[in-house]
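Enquirer: Sharing a structure, written as structure tokens. Questions coming.
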């Protein structure tokens, strides 16, 4: 199985599932505030000659709060002007002449934050200056210490991004399990043994794909994921071929851990479709020109099974093979009969 192709499919499906779950929210989400810090953003909504600087705290690239009453020094040509931020963390100067060069500086908790230099034009300019949260480093250190602590007894589940993917390629039905093993504790968890994922008996060529934890391995139709499991998500991506006969492939998968939601995606190449009595919603969607069928349903308890059919599979009619076998059997029987009934002299 081509690993590059597997990774491409995994990324495609991950994007599609995210799109279904809340694409609009993701698109509208602001970029990393650390990358925006100090970069001028022209804003036609501001009067020409106006420069505003918003000073914020950030944690993990996201804004965690505004910094009020923070002195901001504006360097306006050869002039220096200091303005304190308001309750929204903004300091502002107005009435600057076109062509004037401006930059701003704020010192927060001993750290110097500086904007890029900008030239006043026909529109106003906005800046944001992001200061690291002083508690963030302490929290990160504490989380690191807990993550490195000895494992404790606990439980894990499959994460909400876990899903099943099917595609037909080069006369083969390929299956992919994109799984997360989620540990919600702040310390490593020992569940008393490995997580054993027994694939359908018909599965062939099972492999643990790139991007998976090194704790996972495949042998035959069984995938073993060794513990202990660190805090957060442990990724396990599995690929295998599913043999089938006729236009429908019946697939049943037993899950060793609770699954919060059933999510099955099928690439609709050649008119493939997916059906299951466990789906409460199915819908067709498209991503970058690729037609997809998405089936979703309620979660499953540990030990429960998901059964679904992939339909519309290309197949060759079986009657020519059966006819050839029948003719071959007839010829053999005729030969045996002739040998038995022939005269001894002959």
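The values are calculated or read from the model by the stated rules, or taken from the named source; none is laboratory data. Computed from a prediction, not measured in an experiment: that's the story for all the values here. All Cβ positions, glycine included, derive from the backbone under ideal geometry; neighbour counts span all protein chains shown.
Enquirer: Select from segment 114-162 the residues that are within 20 Å of residue 33 (Cα to Cα), touching a strand residue (DSSP E or B) at 6+ places or on another chain (Cβ under 7 Å) and modelled with pLDDT under 90 and list them in ascending order.
Expert: The answer is 132, 133, 136.
Enquirer: Still on this model: I'd like the full set of residues that are within 30 Å of residue 183 (Cβ to Cβ) and under 22 Å from the mean Cα position of the chain (by Cα), limited to segment 267-291. Working first, answer last.
Expert: Here is the first cut: in segment 267-291, the ones within 30 Å of residue 183 (Cβ to Cβ) are 276, 278-281.
Matches in segment 267-291: 279, 281.
Enquirer: Sort out which residues of segment 219-249 are in contact (Cβ under 8 Å) with a residue 60 or more places away in the chain and part of a loop (DSSP other than H, G, I, E, B), and write them in order of number.
Expert: 227, 228, 230, 231, 242, 243, 244, 245, 246, 247, 248
Enquirer: Just to be sure before I move on: is residue 262 assigned by TED's automatic domain parsing to the domain that holds residue 299, within 30 Å of residue 314 (Cβ to Cβ), buried (at least 18 other Cβ atoms within 10 Å of the Cβ) and without any contact (Cβ under 8 Å) to a residue 40 or more places away in the chain in the structure I sent? Spell out how you get there, then give the answer.
Expert: Details: assigned by TED's automatic domain parsing to the domain that holds residue 299: yes; within 30 Å of residue 314 (Cβ to Cβ): yes; buried (at least 18 other Cβ atoms within 10 Å of the Cβ): yes; without any contact (Cβ under 8 Å) to a residue 40 or more places away in the chain: no.
Answer is no for this residue.
Enquirer: Right, something else. So residue 263 passes all but one of these: (1) touching a strand residue (DSSP E or B) at 6+ places or on another chain (Cβ under 8 Å); (2) in a loop (DSSP other than H, G, I, E, B). Which condition number does it fail?
Expert: (2)
Enquirer: Based on this model, can you work out whether residue 192 counts as assigned to a loop (DSSP other than H, G, I, E, B) and loosely packed, with under 15 Cβ neighbours inside 10 Å?
Expert: Working: assigned to a loop (DSSP other than H, G, I, E, B): yes; loosely packed, with under 15 Cβ neighbours inside 10 Å: yes.
Yes; evaluated as a whole, the condition is true for this residue.
Enquirer: What is the number of the single condition among (1) in contact with a strand residue (DSSP E or B) (Cβ under 8 Å, 6 or more places away or on another chain); (2) assigned by TED's automatic domain parsing to the domain that holds residue 127; (3) at positive phi; (4) surrounded by 13 or more Cβ atoms within 10 Å (Cβ to Cβ) that residue 61 does not meet?
Expert: Residue 61 satisfies all of (1) in contact with a strand residue (DSSP E or B) (Cβ under 8 Å, 6 or more places away or on another chain); (2) assigned by TED's automatic domain parsing to the domain that holds residue 127; (3) at positive phi; (4) surrounded by 13 or more Cβ atoms within 10 Å (Cβ to Cβ) except (1).
Enquirer: Check 278, 290 and return the single one that is in contact (Cβ under 8 Å) with a residue 12 or more places away in the chain and in contact with a helix residue (DSSP H, G or I) (Cβ under 9 Å, 6 or more places away or on another chain).
Expert: Numbers: 278 fails: in contact with a helix residue (DSSP H, G or I) (Cβ under 9 Å, 6 or more places away or on another chain).
Among 278, 290, only 290 is in contact (Cβ under 8 Å) with a residue 12 or more places away in the chain and in contact with a helix residue (DSSP H, G or I) (Cβ under 9 Å, 6 or more places away or on another chain).
Enquirer: Against the conditions (1) free of Cβ contacts under 8 Å to residues at least 60 places away in the same chain; (2) touching a strand residue (DSSP E or B) at 6+ places or on another chain (Cβ under 8 Å); (3) within 24 Å of residue 190 (Cα to Cα), where does residue 214 fall short? Just the number, please.
Expert: With respect to (1) free of Cβ contacts under 8 Å to residues at least 60 places away in the same chain; (2) touching a strand residue (DSSP E or B) at 6+ places or on another chain (Cβ under 8 Å); (3) within 24 Å of residue 190 (Cα to Cα), residue 214 is out only on (2).
Enquirer: So if I check each of 252, 213, 207, which one is assigned to a strand (DSSP E or B) and within 22 Å of the chain's Cα centre (by Cα)?
Expert: Values: 252 fails: within 22 Å of the chain's Cα centre (by Cα); 213 fails: assigned to a strand (DSSP E or B).
Selected residue: 207, the only one of 252, 213, 207 that is assigned to a strand (DSSP E or B) and within 22 Å of the chain's Cα centre (by Cα).
Enquirer: Quick check: anything in segment 30-40 part of a strand (DSSP E or B) and in contact with a strand residue (DSSP E or B) (Cβ under 6 Å, 6 or more places away or on another chain)? Quick ask: steps written out before the conclusion?
Expert: So in segment 30-40, the residues part of a strand (DSSP E or B) come out as none.
So far as segment 30-40 goes, no, none of its residues is part of a strand (DSSP E or B) and in contact with a strand residue (DSSP E or B) (Cβ under 6 Å, 6 or more places away or on another chain).
Enquirer: Something else: What number of residues within segment 169-182 are more than 18 Å from residue 242 (Cα to Cα) and modelled with pLDDT under 95?
Expert: Count: 0.
Enquirer: Condition check: part of a loop (DSSP other than H, G, I, E, B) and more than 30 Å from residue 168 (Cβ to Cβ). Does residue 201 satisfy that?
Expert: On the way: part of a loop (DSSP other than H, G, I, E, B): yes; more than 30 Å from residue 168 (Cβ to Cβ): no.
It is false that residue 201 is part of a loop (DSSP other than H, G, I, E, B) and more than 30 Å from residue 168 (Cβ to Cβ).
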